[in-house]
Each structure stands twice: as structure tokens, then as C-alpha cells.
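Okay, structure first, notes after.
The values are calculated or read from the model by the stated rules, or taken from the named source; none is laboratory data. Predicted, not measured: the structure shown is a model, and the values here were computed from it. Here the Cβ is made from the backbone with ideal geometry for all residues, glycine too, and neighbour counts use every protein chain on show.
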Amino acid sequence: MRVLRLPEELASVLPSKGVGFVPTMGYLHEGHLALVRRARKENPFVAVSIFVNPLQFGPSEDYERYPRDEARDLGMLEAEGVDLVFLPSPKDFYPEGYATYVEVTGPLTERFEGAHRPGHFRGVTTVVAKLFHLLRPERAYFGEKDYQQLVVIRRMVKDLHFPLSVVGVPTVREPDGLALSSRNVYLTPEHRKEAAKLYQALLAAREAARAGHSVDEAEAAARAILDTIPDFALDYFAIVHPGTFAPLEDWVPGARALVAGRFPEVRLIDNLEVYP
Ligand code: PAF
């Protein structure tokens, strides 16, 4: 496994085709490994990036304290048979004078995560566009856990004619349903237990949909659970169109329930397809 840190070193080691690429911010868990394993199965060459991207963190967010463990991450990737790890420093990736940004505009990035984290998606699309240029993948792998991010990246890839397929990989969950996230380590033991209710709320919406209830009733069923979580400030719960993120009045195929909110120590997000 090669480990490279400078953008200009990549070209000489990358094959001209067959690259499967998994972008990450490190502190890897089984959710990341599901992306890597899928990439390993589908591509002759697998590249992973580890970069905590300062551009996608707001000024009051957790950029400085975001968990990092390079040695552990590299050990895990080596064990998965990864070919190349790209691990740039912020100053090599965004050198002094850096002034170019990639932005998907409109409702897709203005709602939900976009409304609660101004500038977040601009940071994500900028880093991912740069990584696509540097790694030139044929396939790139993203978790469905950040579902809005996945849809925003698909939009950017289409709009900018990137010659690659974006592959969405299902969310990996703890046995009690909590979606895996590098930020789960911040949770206090008490809030860790309560955090499973986010998934229970999503399941309640899906059960209501399956039982023939309306979108409003499904939303009410989910909110009834979310309301019982102590110390949890809900940012949003919504049932939306899976492609446009427009809130729904009636069911459409693939309707997706989204939830996000904050315990004092950490913000959590999750989502689930609730209507087939
Ligand atoms: O999902 C993430 O971990 C990040 O947003 C990504 C895609 C690696 C870009 O920094």
C-alpha cells in the first residue's frame, strides 16, 4: 500500500483506468470499511483519501477536535488490501492564495443540512471535485448516511461531466440501530443509549407508511419518539422527495425520512427510505 501526501505525487502511481475511490475524513469505522470493501470488489485499483477538510466546517463546528488517528486508519486500510492512500496536509491541499470553489446552488444545498450548516456543501463539493481531478476514479463510493451529500455530489458529477459513477452504499448501524459515525465517540454513555431513538423514529415513519398512513401521520409518529429524547434539540425531521429534497405532502417512490439534531456534545444525522 502506497501512502502519498503531496498532490503532485499522485499522477506517477495511478493507473490510467480502473480506479475505485473512497474519500474519507479518517477515524475509520465499519461504515468506511463497507465502502472500501465494495470498491475492492468492483475495481482493480483502490484509492482512499484521508483529509479532514477545513472548508466544510463552520466557524463554530468541531474542525479542531474532529477525531484523528492516522496510524490506526492506515493499519485498517492495509488490512483491506487498499492500493493507495492519499493523506494531504491542509496547506498542501489549499496552498496560500487558494481561491477556487465548486458550488451546487439552489434548493438541493439550501435545505436541511445546507440551512443548518452554511457553506458546508460548498466545502464538500470543492474538496470532492479536487479529489476527483487528482485521483481520476472510474467509480467513487459514498455512504447513504449523508444522503443529502450523496445527492449533491451526484448533481455536481452530472453538471460538470465528471467521467465517473457515484456509488451509494447503505448505512452501517450498531446493533441498536445507531448509524455509525466518527462523531459517535463524543456521546456520553447516557446520550449514546438515547441516540438509538433517531433510528426508532425513522422506523416508526416507515411502519406508518407501510400501514397506509399519510405523510403527515408518518411524520407525527416519528416526532412522538424524537420528543421523548432528553437533552436533544431537533434541527429537523422531514419526509422528502429522494432526488430533489422537496418536502412531501403525498407519498412518492423512494420517499426519504431525514432527521438531524444535537445533544450538547455532538450533532447527529440519519435518514431512511420509508416508502418503497
Ligand atoms: O463524508 C465525508 O466524510 C466527507 O464529507 C467527504 C466526502 C470525505 C469530503 O470531505
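Of the listed requirements (1) of a type in the set (V, I, T); (2) touching a residue at least 40 places away in the same chain (Cβ under 8 Å); (3) within 12 Å of the ligand (Cβ to nearest atom), I153 misses just one: (2).
If you filter segment 18-34 down to residues that are small (G, A, S) and outside any strand (DSSP E or B), you find that the one that is farthest from the ligand (Cβ to nearest atom) is G18. Listed by first and then second residue, the pairs linking a residue in segment 116-136 that is at pLDDT 95 or above and outside any helix (DSSP H, G or I) to a residue that is more than 10 Å from the ligand (Cβ to nearest atom) and of a type in the set (A, V, I, L, M), with Cβ atoms under 9 Å apart and 6 or more places separating them unless they lie on different chains, are R136/L10; R136/A11; R136/L14; R136/V19; R136/L164.
Residue by residue, here is whether (1) among the β-branched types (V, I, T); (2) part of a helix (DSSP H, G or I); (3) surrounded by fewer than 19 Cβ atoms within 10 Å (Cβ to Cβ) holds:
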| position | (1), (2), (3) |
| --- | --- |
| R183 | no, yes, yes |
| E190 | no, yes, yes |
| K193 | no, yes, yes |
| K197 | no, yes, no |
| A201 | no, yes, no |
| H213 | no, no, yes |
| E219 | no, yes, no |
| A224 | no, yes, yes |
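Residues in segment 35-65 that are more than 16 Å from the chain's Cα centre (by Cα) and in a strand (DSSP E or B): F45, V46, A47. Looking at this structure, is I239 of a type outside the set (G, A, S) and more than 22 Å from the chain's Cα centre (by Cα)? Judged against the criteria, I239 is not a match. Across segment 98-138, the number of residues qualifying as of a type in the set (S, T, N, Q) and within 15 Å of the ligand (Cβ to nearest atom) comes to 3. For segment 74-100, a residue qualifies if it is in a loop (DSSP other than H, G, I, E, B), in contact (Cβ under 8 Å) with a residue 40 or more places away in the chain and among the hydrophobic types (A, V, I, L, M, F, W, C), and the qualifying residues are V82, L87. Has segment 59-74 got any residue that is surrounded by 18 or more Cβ atoms within 10 Å (Cβ to Cβ) and over 25 Å from L160 (Cα atoms)? Taking every residue of segment 59-74 in turn, at least one turns out to be surrounded by 18 or more Cβ atoms within 10 Å (Cβ to Cβ) and over 25 Å from L160 (Cα atoms). Checked against (1) in a loop (DSSP other than H, G, I, E, B); (2) among the aliphatic types (A, V, I, L, M); (3) more than 22 Å from V152 (Cβ to Cβ), A71 passes all but a single condition, namely (1).
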